[in-house]
Amino acid sequence: MTGWTTHEGLAVALPRANVDTDQIIPARFMSASRAEGYGGFLFADLRDGDADFPLDRHPDASVLVAGPNFGSGSSREAAVYALVDAGIRVVVAESFADIFAGNAVNNGLLPAAVRDAAEVLEALGDGTAEASVDLEAGTLTIGGQTHGFDIPDIWRQKLINGWDDIDLTRAHLDDISAYRHRRATDAPWVWAGDGTSSAG
């Protein structure tokens, strides 16, 4: 996964609240190999028969602005895969389901929680606008209007560095090793085996 600090792209509105993971990618498509890409399955049921679906009208959009409680429902990470594989880098909403947001960050997708997202939706309407995102500043500019977004510092660090949870742990290997050595010296009885320390 490649880290990023800023992103510029086209923003499009999906004016729906409570978009759950089954709407993002219906379960029947999850048997496909991830190597083949999940982008073609994104919002499959919502798009079916709707020639006016926003992402069909604007397939180059990389910033999706949606209603509150985005990513609710099951914890399927495939929902994030579908968004990322379709070229979406940022989802803007008033709120996100916790598990979805964590999965998003682990895959380089920013869940930008914007308090006035409803105003952004209204301003976009059926059209599009140029958007820019600055992770370090915590700002999102769409159509010339700048909005702040909330993101935990650790999520910001993971997105900027392109880290998932394992990468984040590896970044602390020196501290982990020092702790193991310290514990082996201070409390050698906690180490299993033949009496020699396994720290190192």
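The values are calculated or read from the model by the stated rules, or taken from the named source; none is laboratory data. Note that the coordinates shown come from a computational prediction; the quantities given were computed from them, not determined experimentally. Methodologically, a virtual Cβ is constructed for each residue, glycine included, from the backbone with ideal geometry; neighbour enumeration extends over all protein chains shown. When the accessible area is computed, the model is the full protein with side chains, heavy atoms only, and any ligands, DNA or RNA have been set aside. Shrake-Rupley method; radii C 1.70, N 1.55, O 1.52, S 1.80 Å.
A few comments on the model shown:
- For segment 115-161, the relative contact order works out to 26 percent when only alpha carbon pairs closer than 8 Å and six or more residues apart are counted.
- Placing +1 on the Cβ of every Lys and Arg and -1 on the Cβ of every Asp and Glu, with no other charges, gives segment 1-49 a dipole of roughly 40 debye about its Cα centre.
- You can think of it this way: the chain between PHE53 and SER33 has 4.6 nm of extra reach, that is 0.36 nm per residue less the Cα-Cα gap.
- Cα gyration tensor shape of segment 87-162, rounded if a/c is under 1.5, else prolate or oblate by comparing a/b with b/c: prolate
- ARG115 paired with ILE166, simple spin-label distance in nm, labels 7 Å along Cα-to-beta-carbon: 3.9 nm
- For the chain, a simple Cβ point-charge model (Lys and Arg +1, Asp and Glu -1, everything else neutral) yields a dipole of about 620 debye relative to the Cα centre.
- With R₀ set to 30 Å, the beta-carbon distance separating TYR179 from THR2 gives a calculated FRET efficiency near 0.45.
- Share of carbon and sulfur in the accessible heavy-atom surface of the chain [1.4 Å probe, %]: 47 percent
- Taking a ≥ b ≥ c as the square roots of the eigenvalues of the Cα gyration tensor, an a/c ratio of 1.5 or more together with a/b no larger than b/c marks segment 3-42 as oblate.
- Annotation for segment 10-27 versus segment 98-159: alpha-carbon center distance of 15 Å.
- The residues of the chain present an accessible area of 51 Å² per residue when probed at 1.4 Å with all protein chains retained.
- Length-normalised contact order for the chain - Cα pairs under 8 Å, 6+ apart - percent: 24 percent
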